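Structure first, commentary second.
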Amino acid sequence: MTAVRRGSQELSEVPLEQEHLSNDRHDDHGPFDIIGDVHGCYVELVTLLRALGYKVSKESAASHSEGRRVLFLGDLVDRGPATPAVLRLVMGMVHAGSALCLSGNHEVKLLKALQGRNVSTDHGLDRSLAQVAAEPPEFSTRVATFIDGLIGHYVLDNGRLVVAHAGLPEHMHGRTSNEARSFSLYGDTSGEIDEYGLPVRFAWAEHYRGQAMVVYGHTPVPKAVWLNRTMCLDTGCVFGGQLTALRYPEKELVSVPAGAVYYEPARPLDSGRVARPVRDVKIRP
């Protein structure tokens with residue numbers, strides 16, 4: 001075997017291509033309409049999209065005349081009355097390029113169930129499974145493929161905007177580690193269960209001092225408010241609250257009220273600072 005040696009000039013002439021990570025969308029500047037947890041509330045989703053200026057075509061597509069796109073923060077499924085209709089619309093929008101979508105923890109659990117894995121069907125998963133079972137068999141396959149392709153977070157607009165289902169501290173922005181994905185899906189949890197049977201979550205946003213705006217959902221709040229350049233957009237639509245969108249870069253909130261209480265919350269909605277208790281956070285390089 002003959003060794004091939006190349007001079008520095010020859011190597012410098014070899015074209016190099018920079019491969020971006022799947023969550024790296026620095027070159028994507030929007031404008032966006034970021035929508036919080038939908039949880040099967042199809043009527044409210046269509047109402048909100050129309051309030052934002054989107055033209056909705058039946059269940060399968062929605063587009064904006066000014067080229068705006070939706071960023072769905074995950075938890076499209078479970079608890080609400082029309083999970084298949086929500087999925088059909090969101091999948092159609094993603095396919096058409098009029099939306100991006102992140103995975104939420106409820107999508108992860110639904111995917112496991114569709115794959116035949118043994119999962120508990122609490123917190124509204126039973127409703128999703130019953131609704132999906134009423135659809136043609138190929139629908140569940142399409143849903144499973146779609147969910148399996150969703151990622152945990154995006155970094156957009158030259159790093160000015162980060163979106164993740166449960167939020168993300170600065171040192172994890174742009175990371176693809178299991179730790180970053182777990183945080184983006186579930187937040188910062190203690191591993192303990194509170195008196196309502198739900199995970200105890202720590203208030204990561206109270207420690208956030210990053211330059212990027214972080215927009216997330218996951219933990220329902222009565223009203224979307226800014227906290228250290230972060231905002232939670234889960235305003236509890238499925239619990240009788242509102243479905244909320246943040247227009248970016250305008251930073252304008254648009255909300256529509258829920259048509260009903262579709263699912264009783266396990267505990268009262270947090271008053272706005274989205275998790276308790278606070279703990280010391282070690283900032284990593």
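Computed log10 I(q)/I(0) for region 116-254 at 0.11, 0.15, 0.19 Å⁻¹: -0.50, -0.91, -1.30, from the Debye equation with unit scatterers placed on every C-alpha and solvent omitted. Between amide H atoms placed 1.01 Å from N, distances below 5 Å from Leu243 occur with Val256, Ala258, all of them 5 or more places distant or on a separate chain. Please give me, ordered by residue number, the trypsin sites (Lys or Arg not before Pro) of region 133-231 that lie in loop per DSSP and have at most 12 other Cβ atoms within 10 Å. Passing sites in region 133-231 are Arg209.
For the peptides 126-138, 28-40, residues were scored by their other Cβ atoms within 10 Å and the scores averaged per peptide; the highest-first order is 28-40, 126-138.
Per-residue packing, averaged as other Cβ atoms within 10 Å, sorts the ranges 236-243, 89-96 into the order 236-243, 89-96, beginning with the highest.
A DSSP coil position with no more than 12 other Cβ atoms inside 10 Å describes the following GluC sites (Glu not before Pro) in region 18-102: Glu19, Glu66. Computed over the Cα atoms of region 23-257, the ratio of the radius of gyration to the Kirkwood radius (Rg/Rh) comes to 0.94. Other residues lying with their Cβ under 9 Å from the Cβ of Gly36 contribute a combined charge of -3, Lys and Arg counting +1, Asp and Glu -1.
Evaluating 6.51 cos²θ - 1.76 cosθ + 1.60 at θ = phi - 60° for every residue in region 88-95, the Karplus couplings come out as 4, 5, 5, 4, x, 5, 4, 4 Hz, glycine and proline recorded as x. The loop-placed GluC sites (Glu not before Pro) in region 154-219, going by DSSP, that have at most 12 neighbouring Cβ atoms within 10 Å of their Cβ come out as Glu195. Applying the Karplus relation 6.51 cos²θ - 1.76 cosθ + 1.60 with θ = phi - 60° to region 38-53 yields 3J(HN,Hα) values of 8, 6, x, 8, 5, 4, 5, 4, 4, 4, 5, 4, 5, 5, 7, x Hz, where x marks Gly and Pro. As a rough guide to protection, the peptides 102-113, 146-157 ranked by mean Cβ packing within 10 Å, highest first, stand as 102-113, 146-157.
Here the 3J(HN,Hα) profile of region 125-136, calculated from phi with Karplus coefficients 6.51, -1.76 and 1.60 at θ = phi - 60°, is 4, 4, 5, 4, 5, 5, 5, 5, 5, 7, 8, x Hz, Gly and Pro shown as x. Residues whose amide H comes within less than 5 Å of that of Thr189, counting only those at least five positions distant or on another chain, are Phe202 (H built at 1.01 Å from N in the peptide plane).
Any read-out appearing in this document is the output of simple, stated calculations on the displayed coordinates, not a laboratory observation. As the structure is a prediction and not an experimental result, all values here were calculated from the model. Note that each Cβ is placed from the backbone with ideal geometry, even for glycine, and that neighbours are counted across all protein chains shown.
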